[in-house]
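Undergrad: One structure follows; several queries about it will come next.
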Amino acid sequence: MAPMESPTVNGKEGFTYLSVLFMITVMGLAAGAAGKYWSVEAQRDKEDELIFRGREIRAAIGRYYFESPGANSYPRSLEDLVKDPRYPVAKRYLRRVYPDPMTGEASWEIIKAPDGGIMGLRSASEAEPIKKKGFPFELKGFEDRHSYGEWLFVFVPQEVIKKN
């Protein structure tokens, strides 16, 4: 019986192995950086959607308030903005009640008016916003806030502002 011979190693196998390990490491780092970039971009998109939906709902509250039969009043629920119960024929200020884009659920925190209606809302998310500056004029109060829950979308009629 002949003794078993060990395979010869001339150094090429070791170099190839190290090259493959290096490439896998570089690809992993690149994938991690790309994942972080896309995560930030996804959060920015959600912020933009939160601003859009909040402004739409605030504008709908304003239309509901000013188009009240009789005395001006705020809606009692967000569903009243989809179908105003004060009219016999369906009157809509929103197509549907949008979910909070930061939580993905219809978990808005309601801001009550003095008459008990809804004068605004805010996100239920306490996550820190990426956007801190560069808001439109009517949203300047959002600058330097520490959570999305501090972004208040509130309708205040102009005649109330003039009286104070």
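Undergrad: Which listed residue (I118, Y64, L94) has the Cα farthest towards the positive end of the charge dipole for the chain, taking +1 on Lys and Arg C-beta and -1 on Asp and Glu C-beta about the Cα centre?
TA: Y64
Undergrad: Order 47-55, 110-118 from most to least packed using the mean count of other Cβ atoms within 10 Å. Spell out each step's value before the answer.
TA: Working: 47-55: 17.7, 110-118: 13.9.
Going from most to least packed, we get 47-55, 110-118.
Undergrad: Still on this structure, please answer the following. Of K91/K131; K112/K132; K36/K133; K91/K133; K83/K112, which sit over 28 Å apart, Cα to Cα?
TA: K91/K131; K91/K133
Undergrad: What's the extension gain from V89 to S107 if we count 0.36 nm per residue and subtract their Cα-Cα distance? Could the numbers behind the result be given before it?
TA: Values: separation 18, 0.36 × 18 = 6.48 nm, distance 2.86 nm.
Once the chain is fully extended between V89 and S107, it gains 3.6 nm.
Undergrad: What are the residues whose amide H is under 5 Å from the amide H of W151, where those residues sit 5 or more places off or on another chain and H is modelled from the backbone?
TA: S123
Undergrad: E150 to F52: FRET efficiency via 1/(1 + (r/R0)^6), r the Cβ-Cβ distance, R0 22 Å, to the nearest 0.05? Mind showing how you got there, number by number?
TA: Working: r = 18 Å, r/R0 = 0.81.
That pair, E150 with F52, gives E of 0.80.
Undergrad: While we're on this one: Do the sum for the chain: with -39,500 (n - 2.57) for every DSSP H run of n ≥ 4, divided by all residues, what is the mean residue ellipticity at 222 nm, to the nearest 500 deg cm²/dmol? Numbers along the way, then the final one.
TA: On the way: 3 runs with 65 residues, N = 164.
Taking each H run of at least 4 residues, the total per residue is -14000 deg cm²/dmol.
Undergrad: Relative to 2.2 N^0.38 Å, what does the C-alpha radius of gyration of the stretch 38-163 come to as a ratio? Two decimals please.
TA: Working: Rg = 15.2 Å, N = 126, 2.2 N^0.38 = 13.8 Å.
Expressed relative to 2.2 N^0.38 Å, the Cα Rg reads 1.10.
Undergrad: Moving on to the next point. Considering the convex hull of the alpha carbon atoms of the stretch 15-97, report its projected area averaged over all viewing directions, in nm², one decimal. The partial results should precede the final answer.
TA: Working: hull surface 29.9 nm².
So the Cα hull casts an average projection of 7.5 nm².
Undergrad: At 0.36 nm per residue, minus the direct Cα-Cα distance, what do R96 and A59 gain on full extension? Give it in nm, one decimal, please.
TA: Values: separation 37, 0.36 × 37 = 13.32 nm, distance 1.38 nm.
Result: 11.9 nm gained on full extension.
Undergrad: Placing +1 at every Lys and Arg Cβ and -1 at every Asp and Glu Cβ, with all other atoms neutral, what dipole size does the stretch 1-140 have around its Cα centre, in debye to the nearest 20? Mind dumping the intermediate values first?
TA: Working: 21 positive and 19 negative charges, 145 e Å.
Value, rounded to 20: 700 debye.
Undergrad: Tell me, what is a quarter of the convex hull surface for the C-alpha atoms of the stretch 70-134, in nm² with one decimal? Intermediate values should be presented prior to the final figure.
TA: Numbers: hull surface 24.9 nm².
For the stretch 70-134, the mean projected area of the Cα convex hull comes to 6.2 nm².
Undergrad: Sort out for me the Cα centre separation of the stretch 81-136 from the stretch 42-78, rounded to whole Å.
TA: If we compute the Cα centre of each part, the gap is 6 Å.
Values in this text are rule-based calculations from the coordinates and carry no lab data. Remember, it's a predicted structure, so these values are computed and weren't measured experimentally. For neighbour counting, all protein chains shown are included, and Cβ atoms are generated from backbone atoms with ideal geometry for every residue, glycine included.
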